[in-house]
1. Specify the residue that is farthest from residue A:207 (Cα to Cα); the eligible residues are those in region A:10-32 that are facing another protein chain (nearest Cβ under 9 Å) and touching a helix residue (DSSP H, G or I) at 6+ places or on another chain (Cβ under 6 Å).
2. Scan region A:33-67 for residues that are away from chain B (no Cβ under 14 Å), open to solvent by 60 Å² or more (accessible area, probe 1.4 Å) and under 23 Å from residue A:115 (Cα atoms) and jot them down.
3. Restrict the check to region A:137-154 and report whether at least one residue is open to solvent by 40 Å² or more (accessible area, probe 1.4 Å), of a type in the set (A, V, I, L, M) and either modelled with pLDDT of 95 or more or over 28 Å from residue A:50 (Cα atoms) (or both).
4. If you go through region B:269-298, how many residues are within 16 Å of the ligand (Cβ to nearest atom), surrounded by 22 or more Cβ atoms within 10 Å (Cβ to Cβ) and either hydrophobic (A, V, I, L, M, F, W, C) or within 14 Å of chain A (Cβ to nearest Cβ) (or both)?
5. Regarding residue B:165, is this residue within 14 Å of another protein chain (Cβ to nearest Cβ) and in a helix (DSSP H, G or I)?
6. Given region B:68-137, what helices (runs of 4 or more DSSP H) lie entirely inside it while holding 2 or more residues that are under 20 Å from residue B:157 (Cβ atoms) and open to solvent by 10 Å² or more (accessible area, probe 1.4 Å)?
7. Name the pairs: first residue in region B:306-326 and over 17 Å from residue B:375 (Cα atoms), second residue of a type outside the set (Val, Ile, Thr) and away from the ligand (no atom under 12 Å from the Cβ), Cβ to Cβ under 6 Å, at least 6 apart or on different chains?
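The values are calculated or read from the model by the stated rules, or taken from the named source; none is laboratory data. Because the structure is predicted, anything quoted here is derived from the model rather than measured. Positions of Cβ are backbone-derived with ideal geometry, glycine not excepted, and every protein chain shown enters the neighbour counts. Heads up: the accessible areas ignore ligands, DNA and RNA and are worked out on the full protein's heavy atoms, side chains in. Shrake-Rupley method; radii C 1.70, N 1.55, O 1.52, S 1.80 Å.
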Amino acid sequence: MSTEGTHTGKFRAEHFGTLGAQKDAAHLGMWTFLATELLLFTGLFAVYAVYRWAYGGLFHEAQKHMDVLLGTVNTFLLVVSSTLVALAPRALEAKRTHVATLLLLGAIAMGLAFLVLKGVEWGHHAHEGALPGQWYAFEKLRVPGASLFYTLYFLMTGLHALHMLIGVVVLAVLAVRLRRRTITAEYPVALELGGMYWHFVDIIWLFLYPLLYLA
Amino acid sequence: MSPPPAEVPSYLTAEAGLWSWLRTKDHKRIGVLYLVLVLLFFALGGFFALALRLELLTPEPDVLGPMAYNRAFTLHGVIMVWLFLIPSVPTTFGNFLLPIMVGARDVAFPRLNLFSWYLFAAGGVITLWGLFQGGADTGWTFYTPYSTTSGTDVLPILVGVFIIGFSSILTGLNFIVTVHTLRAPGLTWMRMPLFVWALYGTSLIQVLATPILGMVLLLVAVERVAGIGLFDVGRGGDPVLFQHLFWFYSHPAVYIMILPTMGVLSEVICAFSRKNPFSYRMIVLGTVGIAFVGFFSWGHHMFVAGQSVAGSGAFGALSMLVAIFTSIKVFTWIGTLYRGSIVLSAPLVYALGFIFFIFFGGMTGVAVATTSADVHWHDTYFVVGHFHYIMVGSALMGFLAALHYWFPKMFGRMYPSGPAIGSAVLIIFGFIVTFLPHFLLGNMGMPRRYATYPAEFQALHVASTAGASLLAYGFLGIAGYLVWALVKGPLAGDNPWRSHGYEWASHSPPPAANFLTPPEFEREPHDYTVVEAPRVY
Ligand SMILES: [Cu+2]
């Protein structure tokens with residue numbers, strides 16, 4: 001539904017002619033930001049591609065030592081959390097603000113669970129000495145260049161986890177604002193933007209998971 | 001033309017006090033804030049350029065020792081590239097004019113705009129602190145494995161440049177959204193002023209290329225701190241991979257510097273030849289073309305780094321495509337000047353200088369994009385000459401043209417024309433004397449980044465240093481009359497150039513709200529088929 005022409009002064013900044021234009025600007029801004037974020041990860045994906053090309057067999061060996069179960073559980077957690085976040089604006093639209101808040105809290109819980117499991121996994125790697133570069137002391141895989149896989153693994157999952165952490169904070173702020181009724185069905189843009197960010201972080205994981213655990 | 005109503009204050013006087021500037025969300029004030037920082041950084045980078053030239057006056061290291069020389073050229077390069085050239089036009093004139101040119105009241109996200117200024121300032125301070133307290137000897141390119149092993153203090157500079165990159169992304173994002181969502185009614189894409197097109201193309205590069213730079217700087221930083229071995233041959237890493245990632249940003253970064261100044265050229269040349277652009281569409285095509293092709297030519301920096309012959313050939317050919325789009329623009333500008341009613345003025349002199357320099361810089365660019373020739377010229381003064389013709393010759397001339405063209409718009413006062421034209425001629429002449437010898441030196445085999453050289457190169461080095469001193473006098477001249485004009489210059493009036501650019505449809509200096517009534521741009525931008533200048537809204 002278009003809000004073109006409505007002058008809801010409460011939400012509209014004065015340099016926008018209409019609330020609809022402001023909404024469009026907010027969405028486009030978020031899309032542009034996500035494009036930037038995607039390119040940030042692309043840098044790492046490119047490095048991964050180069051070393052995967054150079055050390056194909058070695059990456060394959062290293063993957064045999066990954067905890068596929070934990071990775072799969074984490075994937076499941078993120079997909080479900082994304083579904084919850086996607087449902088929140090609908091609940092808000094139906095004026096069921098407390099349901100929207102609960103959905104966000106559910107997603108936050110899953111995000112935190114993801115981070116805990118990720119931490120457990122990192123702990124295992126550290127314990128085995130499967131660490132990047134100069135810290136590498138993994139007895140089961142003593143091949144030159146093997147540390148590169150773990151360098152990339154820690155960089156990629158680390159950067160992703162940082163984004164998850166930011167995402168959890170964003171969702172928490174949104175939940176508080178929903179409770180305080182500063183985000184309402186009238187102008188739910190903040191909720192939509194936060195959701196876009198969360199989905200983006202999930203989608204990145206959907207690429208990391210096969211690259212690091214499966215293939 | 002209606003005189004500005006006395007009761008409406010300009011953006012300069014709308015609020016008073018330093019604090020009102022530091023917390024402003026007005027895009028015009030933010031543009032001025034950027035201008036202050038950028039000029040400060042430029043002066044600093046220029047000072048170290050002079051120090052380098054002074055050292056190179058004689059073959060022996062007498063002013064600066066080798067290490068001090070390395071630190072000085074790193075300082076010069078880092079400041080000029082990251083702190084001056086990349087932000088120079090978009091953040092200053094772009095911020096000031098983009099919303100006015102599209103008939104908006106502000107950029108889409110004013111608070112973000114102010115935030116990106118603070119990021120830029122913070123990044124600048126951190127970078128400068130790194131450069132001065134420890135100083136790095138890597139050059140502005142931070143090549144691995146030297147940058148990961150150098151004993152000098154590279155880390156704060158990496159962090160500072162990373163933050164500046166983030167600020168650059170936010171500015172680009174703001175401009176993209178502004179152009180998409182805040183154009184005045186009736187202002188279609190093909191009626192946007194050419195400066196807006198240039199800023200739009202630049203913003204796309206800023207948003208899409210800068211994150212790769214951020215990532216690669218981060219990787220070098222992590223490598224220095226934690227030894228992760230990503231670019232370390234001893235651990236299976238590949239140092240050349242750094243170069244690929246670095247130039248994936250830093251080649252397009254040349255277009256972040258040059259595209260906005262090309263937009264300035266289109267504006268200035270139309271205004272001072274009093275003619276419509278020879279072909280609006282062709283300039284737009286050239287802008288978009290350069291922005292696009294620029295992403296696929298980075299490999300021309302690695303012709304001698306063990307890149308495959310096929311790869312080098314492809315990168316060389318793609319780099320030459322840039323020259324085609326650039327020459328489309330150059331011919332369009334010359335076509336615009338042809339049979340125009342030329343008004344000789346400082347902005348136009350700089351614009352003509354720009355055309356001359358981009359012609360030279362572009363031609364030598366094609367030369368170094370030729371793989372076989374580049375093997376001879378790689379890492380010599382020939383390359384130094386080439387990129388200074390583009391980055392100083394062209395980009396800096398564009399910046400100065402913009403400064404002189406829009407100074408009365410921004411501050412409402414006029415500088416004296418005679419000294420301005422005199423300084424412009426001095427700077428153009430000084431530039432040629434400084435950098436023309438570089439091509440000859442490079443061709444004779446003088447490698448870049450050395451404090452010392454064999455005695456047979458001295459004559460050309462002396463010429464180059466003499467030229468640099470002319471440049472310095474030129475810039476001192478500009479500083480002198482602009483400061484005078486700021487304080488005592490005669491009031492310029494709303495449209496001293498009688499320009500038909502959209503930005504002159506507001507008062508000079510503009511009121512805080514840009515326009516007193518909503519503007520209507522009924523005519524094409526740069527339309528000189530009608531005699532009278534645009535109405536002031
Ligand atoms: Cu290049």
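1. A:16
2. A:64
3. Looking only at region A:137-154, we keep the residues that are open to solvent by 40 Å² or more (accessible area, probe 1.4 Å), and these are A:137, A:139-140, A:142-144, A:154.
Restricting the remaining residues to those that are of a type in the set (A, V, I, L, M) gives A:137, A:143.
In the following step, the residues that additionally are either modelled with pLDDT of 95 or more or over 28 Å from residue A:50 (Cα atoms) (or both) were identified as none.
No, there is no match, as no residue in region A:137-154 is open to solvent by 40 Å² or more (accessible area, probe 1.4 Å), of a type in the set (A, V, I, L, M) and either modelled with pLDDT of 95 or more or over 28 Å from residue A:50 (Cα atoms) (or both).
4. Of the residues in region B:269-298, 3 are within 16 Å of the ligand (Cβ to nearest atom), surrounded by 22 or more Cβ atoms within 10 Å (Cβ to Cβ) and either hydrophobic (A, V, I, L, M, F, W, C) or within 14 Å of chain A (Cβ to nearest Cβ) (or both).
5. yes
6. Because the criterion is at least 2 residues that are under 20 Å from residue B:157 (Cβ atoms) and open to solvent by 10 Å² or more (accessible area, probe 1.4 Å), the helices (runs of 4 or more DSSP H) in region B:68-137 that meet it are B:110-133.
7. Pairs that qualify, where the first residue is over 17 Å from residue B:375 (Cα atoms) and the partner is of a type outside the set (Val, Ile, Thr) and away from the ligand (no atom under 12 Å from the Cβ), are B:323/B:362; B:325/B:286; B:325/B:289; B:326/B:362.
Every residue, every condition in (1) away from the ligand (no atom under 15 Å from the Cβ); (2) in a helix (DSSP H, G or I); (3) open to solvent by 50 Å² or more (accessible area, probe 1.4 Å), yes or no:
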{"residue": "B:307", "(1), (2), (3)": "no, no, no"}
{"residue": "B:311", "(1), (2), (3)": "no, yes, no"}
{"residue": "B:332", "(1), (2), (3)": "yes, yes, no"}
{"residue": "B:336", "(1), (2), (3)": "yes, yes, no"}
{"residue": "B:339", "(1), (2), (3)": "yes, no, yes"}
{"residue": "B:357", "(1), (2), (3)": "yes, yes, no"}
